[in-house]
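Heads up: the structure comes next, in structure tokens.
The values are calculated or read from the model by the stated rules, or taken from the named source; none is laboratory data. As the structure is a prediction and not an experimental result, all values here were calculated from the model. Heads up, the Cβs are rebuilt from the backbone with ideal geometry, glycines too, and the neighbour counts pull from every protein chain shown.
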Amino acid sequence: MRIANLITFIVAFSVVYLLSPVVQKYAVKIGFVDRPNPRKIHKLPIPLLGGLALYAGFAITVLFTGHPTSTGLQWAMPSLEIGGILIGGLLILAIGVVDDYAKTRGKDFPIWPRLGVQFAAAGILVACGVKIQGVNIPFGPTAYYTFAPWLSVVTTILWVVVLTNMLNFLDGVDGLTAGISSISAMTLFFIALLKGQPVMEGLAVALIGISLGFLRHNFHPARIFMGDAGATFLGFTLAAISADGAFKSATLVSVFVPVLALGVPIFDTLFALFRRMRDRRPLHVSDTSHTHHRLMQSGLNQVQTVTFMYLIGICFSLASIVVLLVQK
């Protein structure tokens with residue numbers, strides 16, 4: 001399994017690392033760039049099609065390097081769950097590219113089409129068997145509480161849609177979302193390893209690979225942005241892996257494991273939404289109320305801000321693994 005995971009990582013990292021400069025040049029050629037404005041940090045136009053490289057790296061890795069099993073890396077037709085992640089991820093990528101295109105023209109894309117496609121993508125996941133099915137309760141007359149079918153569907157869809165957008169909200173500083181995604185995916189990898197879930201383990205490794213491959217071009221000073229397309233795709237994939245991995249056979253205590261593993265985007269978004277509600281501002285409109293904005297306003301530069309956020313992400317991830325080990 002170690003060799004299988006290494007192969008998966010190398011392929012995912014290499015594809016995105018090599019493809020990102022190609023996408024960067026193409027985006028510049030067609031004018032698909034993120035232009036500066038008073039809310040944004042960068043001062044020059046930056047190519048905005050990084051999401052294409054991220055999705056291509058993930059899809060190529062999953063489809064052509066094989067699927068991890070208990071006996072190693074074996075090629076086979078993708079499972080229904082993996083197919084759901086790829087198809088749903090493609091929908092997320094497509095609507096994200098449309099959203100990014102509107103931004104390159106100085107326009108705001110409406111929120112409802114985005115949410116509609118995100119709910120549809122989450123529904124595809126559920127239809128393909130990716131579900132949060134219930135929790136183990138360590139006390140009481142029954143050991144396992146199975147969600148009613150409707151509750152399983154609703155819980156999974158809400159988890160996926162909410163986390164998809166939380167990663168997007170986090171994308172405001174060079175290298176932040178790619179780095180936090182790799183830290184969260186690393187945590188999901190260890191959780192899958194401890195739970196004996198080789199498929200989710202391999203998907204988490206692929207996600208680590210594409211995140212770090214992209215980070216090489218996205219760390220400050222960034223040469224390419226992932227855009228809403230890339231950030232929402234990473235959020236969607238993290239949500240899918242956690243729903244089909246960390247939430248599987250979760251105890252009442254270990255429900256907090258995926259929440260802590262993805263703690264930075266979750267708590268950053270909650271704090272930002274609280275401030276917007278307090279100030280009576282629209283919840284979906286971008287502003288400078290996120291943690292990384294506050295850190296930079298306090299005097300930290302981009303590299304210091306991102307490093308601090310990485311450390312917070314690592315602390316959340318370690319806490320999630322401790323919780324999992326304690327409850328086993």
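Checking the conditions here, which among 100, 34 is modelled with pLDDT under 90 and acidic (Asp, Glu)?
So the residue among 100, 34 that is modelled with pLDDT under 90 and acidic (Asp, Glu) is 34.
Can you tell me which residue among 204, 229, 243, 239 is touching a helix residue (DSSP H, G or I) at 6+ places or on another chain (Cβ under 6 Å) and modelled with pLDDT of 95 or more?
The unique qualifying residue is 229.
Which one of these does residue 151 not meet: (1) without any contact (Cβ under 8 Å) to a residue 40 or more places away in the chain; (2) crowded, with 23+ Cβ neighbours inside 10 Å?
Failed condition: (2).
Here is a check on your reading of the model: is residue 116 surrounded by fewer than 21 Cβ atoms within 10 Å (Cβ to Cβ), modelled with pLDDT of 90 or more and in contact with a Cys (Cβ under 7 Å, 6 or more places away or on another chain)? First the steps, then the outcome.
Values: surrounded by fewer than 21 Cβ atoms within 10 Å (Cβ to Cβ): yes; modelled with pLDDT of 90 or more: yes; in contact with a Cys (Cβ under 7 Å, 6 or more places away or on another chain): no.
Against the criterion (surrounded by fewer than 21 Cβ atoms within 10 Å (Cβ to Cβ), modelled with pLDDT of 90 or more and in contact with a Cys (Cβ under 7 Å, 6 or more places away or on another chain)), residue 116 does not qualify.
Among the residues of the stretch 165-184, is any touching a Phe, Trp or Tyr at 6+ places or on another chain (Cβ under 9 Å), buried (at least 23 other Cβ atoms within 10 Å of the Cβ) and more than 25 Å from residue 224 (Cβ to Cβ)?
no
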